[in-house]
Amino acid sequence: MWSNAIAGSTATLAAIGTAYWCYLTFGPKAYAMTPAEEGLHPTQYPWEHVKLHKTFDHQALRRGFQVYREVCAACHSLNRIPYRTLVGTVLTVDEAKELAEENEYDTDPNDEGEIEKRPGKLSDYIPAPYKNDEAARAANQGALPPDLSLMVKARHGGCNYIFSLLTGYPEEPPAGAVVQEGLNFNPYFPGTGIAMARVLYDGLVEYEDGTPATSSQMAKDVVEFLNWSAEPEADERKKMGWKVLAATLALWGISVWVKRYKWSPVKTRKLVYNPPVSGGRKFG
Amino acid sequence: MGVYSGLYNTFFRQNTTMLATVFLGAFGLQLAFDSGSTLIWNNINKGRQWQDIKAKYVQNAEEEE
């Protein structure tokens, strides 16, 4: 029968189509980029402050802020951080005020509509090194140094990536690597050609607490600081998380107890079946 | 009886005392829970938090003035 033939071929086609769809959906992945374009995977470092029961090391944050201010701030803004958040995190009130006053900010328009300058206050945000993105590009051969406030959250690998990037510049690009004019070779940067040159060299800053300022030490400190700037609530959030777990555990314990309490009559009752007496004879 | 009936009579027999017990109990438990967890947290993170290093910098600033 020809209707049988049509049903059979439709079913076969459907089966082949489904199999092909499954292959496309769940089959081998297609990588459009070469490994160099993906960038080298960063090394996994045992960050102490990332552990669920550890806060940031605020001494390291203080050093990291110093590195940001003395090195990175020349090119990178940190425009989500007002001075007030530094108080009680890395600076005392007096230090933060002094730092804020080093910069000038616009006042609100006065009665004549003129905007004047005033020294910074704690509520002001850390100023950007350039007036606008165009100025930043012009000063960096066309490359825009991105804002660092949320950088740890904005890149795959987070802390590990930024640390690897900062410390991963080789003395010489490997043989055969093509490095464009104006770019620097860094295997961790996707594409390997980055407009930012190596910035951290041993002894670049002088730490007030006497920690030797090796490049890796500075990179570690500034990365931890950038992690703070991306997640300033992390310390409090972790502590709160533990408290929620503890309270939930206690409530769970109580609910188990209440359930057992309510069910105890049901669980301990005994059902007795007394068979009826029939025909004058007693069974059981 | 005994301890339980004593507790019952002092705290739960009257609606007003029961309410007072509940509110004061919530207040006290919260206080104990918060200070207890802060104590443990600060102990785990000894030397890492701002409060642990603050003294160094506050004193320096005062000397300068």
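The values are calculated or read from the model by the stated rules, or taken from the named source; none is laboratory data. Quick caveat: nothing in here was measured; it's all calculated off a predicted structure. Using ideal geometry, Cβ is built from the backbone for each residue, glycine included, and neighbour counts are taken over all protein chains shown. What goes into the accessible areas is simple: the full protein's heavy atoms, side chains included, and nothing from ligands, DNA or RNA. Shrake-Rupley method; radii C 1.70, N 1.55, O 1.52, S 1.80 Å.
Here are A:Leu61, A:Leu24, A:Leu13: which of them is within 14 Å of chain B (Cβ to nearest Cβ) and either open to solvent by 60 Å² or more (accessible area, probe 1.4 Å) or not hydroxyl-bearing (Ser, Thr, Tyr) (or both)?
Result of the check over A:Leu61, A:Leu24, A:Leu13: A:Leu61.
Being more than 7 Å from every other protein chain (Cβ to nearest Cβ) and part of a helix (DSSP H, G or I) is the filter here; which residues of the range B:40-53 pass it?
B:Ile40, B:Asn42, B:Asn43, B:Gln51, B:Asp52
Which numbered condition in (1) assigned to a loop (DSSP other than H, G, I, E, B); (2) within 30 Å of B:Asn43 (Cβ to Cβ); (3) touching a Pro at 6+ places or on another chain (Cβ under 8 Å) is the only one that A:Val179 fails?
That leaves (2) as the condition not met.
Every residue in the range A:193-221 that is open to solvent by less than 50 Å² (accessible area, probe 1.4 Å) and among the small types (Gly, Ala, Ser), please.
Of everything in the range A:193-221, those that are open to solvent by less than 50 Å² (accessible area, probe 1.4 Å) and among the small types (Gly, Ala, Ser) turn out to be A:Gly193, A:Ala195, A:Ala197, A:Ala213, A:Ser215, A:Ala219.
For the range A:181-223, give me each residue that is basic (Lys, Arg) and in contact (Cβ under 8 Å) with a residue 60 or more places away in the chain.
Result: A:Lys220, single match.
Is it the case, given these coordinates, that A:Ala73 is over 30 Å from B:Tyr57 (Cβ atoms) and either away from chain B (no Cβ under 14 Å) or touching a Gly at 6+ places or on another chain (Cβ under 8 Å) (or both)?
no
From the list A:Gly203, A:Gly241, which residue is within 13 Å of chain B (Cβ to nearest Cβ) and at pLDDT 95 or above?
From the options A:Gly203, A:Gly241, the qualifying one is A:Gly241.
What helices (runs of 4 or more DSSP H), lying completely within the range A:1-88, carry at least 1 residues that are closer than 30 Å to A:Tyr207 by Cα?
It comes to A:58-70, A:83-86.
Scan the range A:120-155 for residues that are among the small types (Gly, Ala, Ser) and closer than 29 Å to A:Val93 by Cβ and report the count.
Qualifying residue count for the region: 4.
Report, by residue number, each residue of the range A:76-106 that is of a type in the set (A, V, I, L, M, F, W, C) and touching a Phe, Trp or Tyr at 6+ places or on another chain (Cβ under 8 Å).
Scanning the range A:76-106 gives A:Leu78, A:Ile81, A:Leu86, A:Val90, A:Leu91, A:Ala96, A:Leu99, A:Ala100.
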